[in-house]
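Student: One structure coming up, written as structure tokens, with questions to follow.
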Amino acid sequence: MRVALFALGGTISVTGGTPRLTGEQIAAGVPGLDGLGVRIDVRDVAALPSSGLTFTRVLEVVDAASRAVADGAAGAVVTQGTDTLEETAFLAGLVWPHDEPLVFTGAMRNPTLAGADGPANVLAAVRVAVATPARGLGVLVVFNDQVHAARRVRKTHSTSTAAFVSPDSGPLGHVVEDRVRILAVPPRPGPLPHRPSPERLAATRVAVYTAVLDDDGTLVDDLARDRQGLVVAGFGVGHVAGALAPRLGAVAGRMPVVLASRTGAGPVLRATYRSPGSETDLLGRGLLDAGMLDPWKARVLLRLLLAGGAGRDEIASVFAEWG
Ligand code: ASP
């Protein structure tokens, strides 16, 4: 059995403050990996903090992982920094068409620290990548012996080794001793056909506007300028101050504007509140509903769709399916 391991950098590879360990070195530091009977084919893609990753880089990794599974790998593992992992894994999940698992992992403590979590995370990720029960689940995030759907997982703590949580659904399963126990199998929307070129991606800018207390709203127009789409991280169930609603409605007349919640869990509503700036008001002005996607994931999806040439109706229906 083979697993392709793509190393992109991040804390799991950090010594002396910067990403330095190669994929081979990361794999060599994992107790028990040799005993799994799995050949690890390592590819060093980058040695970056994950803030330096791009959509294009991630899609290249997805393509390389696709080739690896087409070539007989049982699955693939990506090691990277944790800061953007909830976005990169989601992006990969939007286009990953295979039954073979594509598993993202990393570490919160670098390998020079007591209790470094990278080795345990890599071991668990490889176990999941080759596990029969994980087949067909799409892109997964394995951290702290938990298995999460890329669509639902969030980084919820800046330092804890239990930073990755799926607030809306809980983990899909757990890695216990040598067993991968999948307890929940969520519906998996089909992969998106959109594979925009690097040029299209570079030309497609999507901003996130966060609703905050006592905001005069002038930032909305600045943010929307030279952008092709906007995500609103609204209060609670998808609200903004009433005075902002006409501004957002005007932007929604020019480009797709997607309404998400800044709370960290739960959906935006559709038809419960009716005050100016409420979800009913904003959706009535043409904003689109992100469902349960948080603002960062909503931005990933909107940018991919816009760069792929999707129009408003398609964007609305894809958000209804993936949200
Ligand atoms: N800043 C690091 C990164 O995202 C954090 C980590 O890897 O956990 O690259």
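Student: Which residues among the stretch 249-276 fall inside the zone where the amide N is under 14 Å from a point 7 Å beyond the Cα of LEU219, along Cα→Cβ?
Tutor: The answer is 262, whose backbone nitrogens lie closer than 14 Å to the label point.
Student: Can you find, among PRO191, GLY173, SER160, the residue sitting farthest towards the positive end of the charge dipole of the chain, where Lys and Arg contribute +1 and Asp and Glu -1 at Cβ?
Tutor: Toward the positive end, the furthest listed residue is PRO191.
Student: How many Å³ per residue does the convex hull of the Cα positions in the chain occupy?
Tutor: 127 Å³
Student: In whole Å, what three semi-axes, largest first, describe the equivalent ellipsoid of the stretch 229-279 built from its Cα gyration tensor (square root of 5 times each eigenvalue)?
Tutor: On the way: eigenvalues 58, 35, 15 Å².
Equivalent-ellipsoid dimensions as semi-axes: 17, 13, 9 Å.
Student: Separate question: Output ³J(HN,Hα) for the stretch 205-210: one whole-Hz value per residue in order, computed from phi by the Karplus curve 6.51 cos²θ - 1.76 cosθ + 1.60 with θ = phi - 60°, and x for Gly and Pro.
Tutor: 10, 10, 9, 10, 9, 9
Student: Which ³J(HN,Hα) values, rounded to whole Hz and listed in residue order, are derived for the stretch 179-184 from phi using the Karplus coefficients 6.51, -1.76 and 1.60 in 6.51 cos²θ - 1.76 cosθ + 1.60 with θ = phi - 60°, glycine and proline given as x?
Tutor: Karplus-based 3J(HN,Hα) across the stretch 179-184 equals 10, 9, 10, 8, 9, 9 Hz.
Student: In what sequence, highest mean first, do 228-235, 41-48 appear when ranked by Cβ atoms within 10 angstrom?
Tutor: Descending mean neighbour count gives 228-235, 41-48.
Student: Additional query: Compute from the Cα atoms of the stretch 179-323 the Rg and the Dmax, the latter being the longest Cα-Cα distance, and quote both in angstrom.
Tutor: Looking at the stretch 179-323, its Cα Rg and Dmax stand at 15.5, 54 Å.
Student: Also, I was wondering about something else. If amide H atoms are built 1.01 Å from N in the plane of the peptide, which residues on other chains or at least 5 residues away come under 5 Å of the amide H of PHE143?
Tutor: The list, which skips near neighbours in sequence, is HIS148.
Student: Taking amide H positions as placed 1.01 Å from N in the peptide plane, with prolines and chain starts having none, which residues 5 or more places from ASP83, or on another chain, fall under 5 Å of its amide H?
Tutor: The answer is SER50.
Student: Ranked from highest to lowest mean number of other Cβ atoms within 10 Å per residue, what is the order of the peptides 240-251, 270-281?
Tutor: My ranking of the peptides, most packed first, is 240-251, 270-281.
Student: OK, next. Once the cut-off is 12 Å, how many percent of the Cα-Cα pairs in the stretch 167-209 end up in the long-distance tail?
Tutor: 77 percent
Student: Sticking with this structure for a sec: Using mean Cβ contacts within 10 Å as the protection proxy, how do 27-38, 50-61 order, highest first?
Tutor: Sorting 27-38, 50-61 by mean packing, highest first, produces 50-61, 27-38.
Student: Check VAL232: other-chain or 5+ apart residues with amide H under 5 Å from its amide H, H built from backbone geometry?
Tutor: Long-range HN contacts for VAL232: TYR209, VAL258, LEU259, ALA260.
Student: Within the chain, what percent of beta bridges assigned by DSSP are antiparallel, to the nearest 5?
Tutor: 35 percent
Student: Roughly how big is the chain's charge dipole about its Cα centre, with Cβ charges of +1 (Lys, Arg) and -1 (Asp, Glu), in debye to the nearest 20? Walk me through the numbers before you get to the answer.
Tutor: Details: 31 positive and 31 negative charges, 54 e Å.
Taking the Cα centre of the chain as origin, the dipole is about 260 debye.
Student: Hey, another quick one. Per residue of the stretch 159-174, what does 6.51 cos²θ - 1.76 cosθ + 1.60 with θ = phi - 60° give for ³J(HN,Hα)? Whole Hz please, x for Gly and Pro, Karplus curve as stated.
Tutor: Here the 3J(HN,Hα) series is 10, 5, 6, 9, 5, 8, 9, 10, x, 8, 10, x, x, 6, x, 9 Hz.
Student: Counting DSSP beta bridges with both partners in the stretch 55-201, what percentage is antiparallel, nearest 5? Write out the running numbers ahead of the final one.
Tutor: On the way: 12 of 19 bridges.
The antiparallel fraction comes to roughly 65 percent.
Student: Counting only protein heavy atoms and using a 1.4 Å probe, what share of the accessible area of the chain belongs to carbon plus sulfur, as a whole percent? It would help to have the intermediate numbers written out before the result.
Tutor: Details: 6720 of 13300 Å².
Carbon and sulfur atoms account for 51 percent of the accessible area of the chain.
Student: If I take R0 = 25 Å and measure r between the Cβ atoms of THR112 and ASP178 in this structure, what FRET efficiency does the formula 1/(1 + (r/R0)^6) give, to the nearest 0.05? Walk me through the numbers on the way to the answer.
Tutor: On the way: r = 28 Å, r/R0 = 1.12.
So, using R0 = 25 Å, E works out to roughly 0.35.
The values are calculated or read from the model by the stated rules, or taken from the named source; none is laboratory data. Quantities reported herein were computed from a predicted structural model and do not represent experimental measurements. No Cβ is skipped: glycine too gets one built from the backbone with ideal geometry, and neighbour counts run over all protein chains shown. Note: areas computed on protein heavy atoms with side chains; ligands, DNA, RNA excluded. Shrake-Rupley method; radii C 1.70, N 1.55, O 1.52, S 1.80 Å.
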